[in-house]
Amino acid sequence: MNLKNITIIGPGALGILFTTKICQKFPHVFLIDHDRHRAGRLARKGVAVVEANGGSVLRAFPVVTADAAGLGRQDVVMVLVKAFQTDDVLDAIESLSGPETIVVTLQNGIGAGDILSRTVPRQNLVLGVTMHGANRRDESTVVHAGSGDTILGMFDPGVRPVGRLYTFAALLAECGFPASIVDDIYPVLWKKLMVNVGINPLTALSGLKNGQILEHPPLRRIQEAAVYEAFEVMRRLGIDIGMDFQGVMGLVRKVCRDTAENVSSMLQDRMKKGQTEIEYINGAVVRFARKEGLRAQVNEMLCNLIEYFTSHGWGFGPFDK
Ligand code: PAF
């Protein structure tokens, strides 16, 4: 089965990374940007990826538009907006979807899939994680900061993946994103969630890069406490990732080291003085803990701190100079 077209929603760092790289092998890629003016600029200038290691540059000129309805039915729709923007793109997804369109999200955290399931039929909804990292250089260019696996699975683990998903995974692999399909995506999502729980809010609050967190014992202590709560909640939910807590901490620290030079996505949001994905990361731990009759106080504290600073433009009080 061949794919006819792919639409990527969201011209953020990951959106530009996937669009540029997929365009090298597959010509029918559309990029949706809700901001018409920026969509016009991206269409004219094109989008680009700079490889962090050798500095080689890939460029592509996809169709970029704010008008999803004009594109018609797509074979694959990739949702790469921030998790908190998911609600805003449901109409676009609806207008791009036919009965067989698969909708794939690689958004951070847990919760965006539930929002998508309001419009996307369960047999077409695919959740995933990617270990690729991208940092924005300017509005049309990203630096490909880190590579890794991309893992996909059905929103409803009881549903068998359709053939089209295998074709899409093969295309991703051809484009430099080795991808696998698993029967149950939830352990994979929780494993990645714990990495984000332990890195994202601490980098945003401290202004440090991922690797620098490990140099500060107080931040390491908070990291361990937050990840411990997430691990306990996950265990209570009966999700088995095949690792004990020490193994998970080893993974979180390894990601800090492997992505040492990364400005985490939440720190990038802070630098733009924008909203963050805290509700889908540490907030998800808090919500699941409550459902299970537990409390996740460290995660709750991190959510409150991020909420405070976000709503005050990340400024400090009047005595801070
Ligand atoms: O959100 C992010 O920035 C990334 O998921 C990660 C793994 C923390 C690397 O920066």
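The values are calculated or read from the model by the stated rules, or taken from the named source; none is laboratory data. Model, not experiment: these values are computed from the prediction. Heads up, the Cβs are rebuilt from the backbone with ideal geometry, glycines too, and the neighbour counts pull from every protein chain shown. For accessibility, only protein heavy atoms count, side chains too; no ligands or nucleic acids. Shrake-Rupley method; radii C 1.70, N 1.55, O 1.52, S 1.80 Å.
So that you can scan it fast, the table gives a plain yes or no per residue for (1) more than 30 Å from residue 253 (Cβ to Cβ); (2) touching a Ser or Thr at 6+ places or on another chain (Cβ under 6 Å); (3) open to solvent by less than 30 Å² (accessible area, probe 1.4 Å):
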| position | (1), (2), (3) |
| --- | --- |
| 165 | yes, no, yes |
| 184 | no, no, no |
| 190 | no, no, yes |
| 197 | no, no, yes |
| 208 | no, no, no |
| 216 | no, no, no |
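Given the condition outside the structural domain of residue 135 (by TED's automatic domain parsing), basic (Lys, Arg), over 22 Å from the mean Cα position of the chain (by Cα) and open to solvent by 30 Å² or more (accessible area, probe 1.4 Å), answer yes or no: does some residue in the stretch 271-282 qualify? Let's see the steps before the verdict.
At the first step, the residues of the stretch 271-282 found to be outside the structural domain of residue 135 (by TED's automatic domain parsing) are 271-282.
Imposing the further condition that a residue be basic (Lys, Arg) reduces the set to 272-273.
After this cut, where a residue has to be over 22 Å from the mean Cα position of the chain (by Cα) as well, the list is none.
No.
Which residue, of 60, 39, 48, is in contact with a strand residue (DSSP E or B) (Cβ under 8 Å, 6 or more places away or on another chain), assigned by TED's automatic domain parsing to the domain that holds residue 139 and farther than 19 Å from residue 81 by Cα?
Working: 39 fails: farther than 19 Å from residue 81 by Cα; 48 fails: farther than 19 Å from residue 81 by Cα.
Just a single option satisfies the conditions, and that option is 60.
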How many of the residues in the stretch 157-192 are more than 16 Å from the ligand (Cβ to nearest atom), over 30 Å from residue 228 (Cβ atoms) and touching a residue at least 24 places away in the same chain (Cβ under 8 Å)?
16
Need pairs with beta-carbon distance below 7 Å; first residue over 21 Å from residue 229 (Cβ atoms) and within the stretch 295-320, second open to solvent by 30 Å² or more (accessible area, probe 1.4 Å); sequence gap 6+ or separate chains.
310/275; 313/273; 314/270; 314/273
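Could you tell me whether residue 227 is buried (at least 19 other Cβ atoms within 10 Å of the Cβ) and within 11 Å of the ligand (Cβ to nearest atom)? Break it down into steps so the answer makes sense when it comes.
Details: buried (at least 19 other Cβ atoms within 10 Å of the Cβ): yes; within 11 Å of the ligand (Cβ to nearest atom): no.
Criteria not met by residue 227.
Would you mind listing the strands (runs of 3 or more DSSP E) fully within the stretch 30-108 where at least 1 residues are open to solvent by 20 Å² or more (accessible area, probe 1.4 Å) and touching a helix residue (DSSP H, G or I) at 6+ places or on another chain (Cβ under 9 Å)?
Working: elements: 47-51, 57-60, 63-65, 76-79, 102-105.
Once the strands (runs of 3 or more DSSP E) in the stretch 30-108 are filtered for at least 1 residues that are open to solvent by 20 Å² or more (accessible area, probe 1.4 Å) and touching a helix residue (DSSP H, G or I) at 6+ places or on another chain (Cβ under 9 Å), what remains is 57-60, 63-65.
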Could you count how many residues in the stretch 120-135 are under 16 Å from residue 18 (Cβ atoms) and either away from the ligand (no atom under 12 Å from the Cβ) or hydroxyl-bearing (Ser, Thr, Tyr) (or both)?
4
Take the stretch 267-292 and flag every residue that is touching a Lys or Arg at 6+ places or on another chain (Cβ under 8 Å), away from the ligand (no atom under 12 Å from the Cβ) and in a loop (DSSP other than H, G, I, E, B).
275, 292
Are any residues in the stretch 243-266 near the ligand (Cβ under 8 Å from one of its atoms) and either free of Cβ contacts under 8 Å to residues at least 40 places away in the same chain or of a type in the set (A, V, I, L, M) (or both), and if so, which ones?
255, 263, 266
How many residues does the stretch 167-180 contain that are in contact with a strand residue (DSSP E or B) (Cβ under 6 Å, 6 or more places away or on another chain) and open to solvent by less than 40 Å² (accessible area, probe 1.4 Å)?
5
Could you go through the stretch 70-77 and let me know if any residue there is within 22 Å of residue 274 (Cβ to Cβ) and either out of contact with any Leu (no Cβ under 8 Å at 6 or more places or on another chain) or modelled with pLDDT under 95 (or both).
no
Looking only at the stretch 230-242, filter to residues that are of a type in the set (A, V, I, L, M, F, W, C) and assigned to a helix (DSSP H, G or I); which one of those is nearest to the ligand (Cβ to nearest atom)?
230
Can you spot a residue in the stretch 124-137 that is closer than 22 Å to residue 276 by Cβ and more than 19 Å from the chain's Cα centre (by Cα)?
no
